[in-house]
Amino acid sequence: MGLAAGVGKLKTAGAAENRARLSDGFYEEIRPRLYRRIARELRGAGRILDLGCGSCELARFLVNRYGKEVTGVDVADGSFPDPEQMDDRARRRLRCVKADARQLEFLGNEVADAAVAKWALHEMDRPREILEEVRRVLRVGGELLIVDFPRDSLAQRLWNEEYYTPEEVSEILERAGYEHVSARLIERRQVVWAKGFRAGAEERQS
Ligand SMILES: C[S@@+](CC[C@H](N)C(=O)[O-])C[C@H]1O[C@@H](n2cnc3c(N)ncnc32)[C@H](O)[C@@H]1O
């Protein structure tokens, strides 16, 4: 085992120890707090992209509570909200688009202040390509926030999918060209919280 893999294993060890003590409803219980934390992290962003938005629940929260302008993108539109059920403000500020996040050609360059992917990165094929495309859409200085289940977490026991370690998420972000990348475990080590920024050409050269 290489040094990085060894460190990754040590860091996720806490997640595995904690998961035995957590109830199956843990992720539901933390949801309101996590939403507020995401809103706090993205407080400076007016235009937000929600990648793999599912039912656009987070997007609607950001629109309704914080007046953000959100574009939700998902390959499946089966659970998108019905615009008829939304009030005028939500209809004006939220749009849900059925698309592969790898091809955001319906969005121009630098049109978003931030992008978030919640519980979605682990489901995306070729995530680096997706995050490169997202970088094009982000303005200089814009933030990408990844919130996902980590390997060996409670989620692994509940749903047994393939998840990344924080180190792997960092690596994907760095390879996709993001700067000031950081990734850590939060919420009793059951959630990866990772971020990176789109730097300007000048900063990248220095
Ligand atoms: C586990 S769901 C999470 C949904 C939502 N973000 C949430 O927190 O409830 C992951 C979502 O990612 C979407 N997805 C997977 N690959 C995608 C891609 N390449 N582009 C856009 N959406 C994708 C799936 O269709 C699914 O709705």
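Where a number appears in this text, it was derived from the coordinates with a stated rule and is not lab data. Not measured: the values here are computed from a predicted model. Virtual Cβ from ideal backbone geometry, glycine too; neighbours counted across all protein chains shown.
The GluC sites (Glu not before Pro) of segment 91-158 that meet both conditions, a loop assignment by DSSP and at most 11 other Cβ atoms within 10 Å of the site Cβ, are Glu105.
If you take all other residues with their beta carbon under 10 Å from the beta carbon of Leu158, and give Lys and Arg +1 and Asp and Glu -1, the sum is 0.
Label separation (Asp77 vs Glu179): 3.7 nm, computed from points 7 Å beyond Cα along the C-beta direction. Build a GNM of the chain with springs between Cα atoms under 10 Å apart, and of Gly177, Gly142, Gly44 the one that fluctuates most is Gly44. Mind giving me the FRET efficiency for Arg157 and Glu110? R0 is 35 Å, r the Cβ-Cβ distance, nearest 0.05 is fine. Taking R0 as 35 Å, the efficiency between Arg157 and Glu110 is 0.30.
Look at the alpha carbon pairs under 8 Å that are at least 6 residues apart: their mean separation over the length of the chain gives a relative contact order of 20 percent.
Note the full-extension length gain between Arg91 and Glu123 as 0.36 nm times their separation in residues minus their Cα-Cα distance, in nm to one decimal. Could you put the intermediate results ahead of the total?
Values: separation 32, 0.36 × 32 = 11.52 nm, distance 2.79 nm.
Fully extending the segment from Arg91 to Glu123 adds 8.7 nm.
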